[in-house]
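**Student:** Starting off with a structure, shown below.
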Amino acid sequence: MTENKIVLPGDQVSTSEELLPGDGTFEEDGIIRASRVGTYVVDEKQRRAMIKPLTSIPVELRRGDIVLATVGSVRSSMVIADVIHVIGKNRSISGDTNGTLRVSEISNSYVRDPSTEFAPGDIIRAKVTQVKPSIQLATKDRDLGVIKAICTKCRHPLIYRGNILECNNCRNKENRKTANDYRNFDLDKL
Ligand SMILES: [Zn+2]
């Protein structure tokens, strides 16, 4: 086993020419990507790419936790996001992980339509404002919001060019409510 770096869901870890997709990965158009937060590991014997969970003991979500979540659907008044990691807790999450981010909790500026700020597949850093009866999230603070966004047209990563987020593949320009460290997000801070 060769242990490598920590990865986020959607990150490219290898190609199907090099390796087989293993536990914690999926294959799409010849690219092997991570399907969870964890450490990228190659099983050299089986030639398999795998993502090892950060640890196996689950943690319960608490109000005030800062979490990472994957944006699922973006609706007219809210965003549905799946909580995938609690910052500072190297554990998986027990119980419900299905969070809701209401339009009024996205930004300190007025947001009319969540789809101008988030898109499905984005990874966001959010604060848990309620756990029961349902998980509620907020991204108002400067350090909260999108930490990794993919192009809605071709799914390549969006990178900042000046103050504009642009796809590094098709040059599509998009807007997001990004966290203030989007440009230099440090995976070691997980
Ligand atoms: Zn693109």
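**Student:** With a 1.4 Å probe and all protein chains left in place, how much of the accessible area of the stretch 92-151 comes from carbon and sulfur atoms, in whole percent?
**Tutor:** 46
**Student:** Straight distance only, please: which lysines reach the Cα of Lys153 with their own Cα at less than 18 Å, same-chain residues fewer than 8 apart left out?
**Tutor:** Candidates past the 8-residue exclusion: Lys173.
**Student:** Return one whole number: the accessible area per residue of the chain in Å², for a 1.4 Å probe.
**Tutor:** 54
**Student:** From the Cα gyration tensor of the stretch 77-161, with a ≥ b ≥ c the square roots of its eigenvalues, which class applies: rounded if a/c is under 1.5, or else prolate if a/b is larger than b/c, or else oblate?
**Tutor:** oblate
**Student:** Please state, rounded to one decimal and in Å, the Kirkwood hydrodynamic radius that the stretch 42-190 gives when every pair of distinct Cα atoms enters the mean of 1/r.
**Tutor:** For the stretch 42-190, the Kirkwood estimate is 16.1 Å.
The values are calculated or read from the model by the stated rules, or taken from the named source; none is laboratory data. Predicted, not measured: the structure shown is a model, and the values here were computed from it. SASA here: full protein model, heavy atoms, side chains in, ligands and nucleic acids out. Shrake-Rupley method; radii C 1.70, N 1.55, O 1.52, S 1.80 Å.
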